Amino acid sequence: MAEVTVKQLAESVGAPPERLLKQMEEAGLPQRGLEDAVTEEQKQTLLTYLKTSHGQADEGPRKITLKRKTVSTLRTDRGRGKAVAVEVRKKRTYVKRDVTATAAPESAEGRGSGARGAAPGGGAGAPSRGRAA
């Protein structure tokens with residue numbers, strides 16, 4: 001895409017150019033004047049910096065709660081008597097885990113699984129039992 005100047009970017013975003021220059025400087029970008037060009041990569045760097053500085057570093061919610069309600073009727077006295085409405089509420093919560101926290105247990109399982117998998121299923125023990133029988 002075509003590069004735009006700091007002034008054009010400020011107009012398209014709707015922010016004062018001086019404030020945008022200050023934010024770019026804080027983000028570590030090289031622009032110091034209103035006529036300096038801004039690439040798409042630098043725009044993304046600025047956006048990432050602004051998101052983290054305003055507390056929106058997460059891409060989505062960390063926890064999602066699903067609520068489900070089912071209503072059914074229960075008849076007493078073998079269908080002739082009165083009917084009772086039964087309401088069942090279920091609540092399930094899913095938590096988004098960190099990538100670094102889930103990577104460590106997987107690597108530990110990978111190292112230990114080789115020794116555990118070889119002992120019960122075969123290896124040197126299985127053929128000797130077959131010859132002895």
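The values are calculated or read from the model by the stated rules, or taken from the named source; none is laboratory data. Keep in mind that this is a model prediction, so the values were computed, not measured. Cβ placement follows ideal geometry from the backbone for every residue including glycine, while neighbour counts extend to all protein chains displayed.
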Return the pairs, sorted by first residue and then second, in which the second residue is modelled with pLDDT under 80, the first residue lies in the range 75-100 and is under 30 Å from residue 63 (Cα atoms), the beta carbons are less than 8 Å apart, and the residues are 6+ apart or on different chains.
95/62; 96/60; 96/61; 96/62
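For the range 62-86, how many residues meet the condition of being farther than 30 Å from residue 98 by Cβ, part of a strand (DSSP E or B) and among the hydroxyl-bearing types (Ser, Thr, Tyr)?
So the count comes out to 3.
Quick one: which of 60, 79, 112 is at pLDDT below 85 and closer than 30 Å to residue 12 by Cβ? Give the derivation first.
Numbers: 79 fails: closer than 30 Å to residue 12 by Cβ; 112 fails: closer than 30 Å to residue 12 by Cβ.
Being at pLDDT below 85 and closer than 30 Å to residue 12 by Cβ holds for just one of 60, 79, 112, which is 60.
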Restricting to the range 22-46, give me the number of residues that are over 16 Å from residue 3 (Cα atoms) and either in contact (Cβ under 8 Å) with a residue 40 or more places away in the chain or assigned to a helix (DSSP H, G or I) (or both).
4
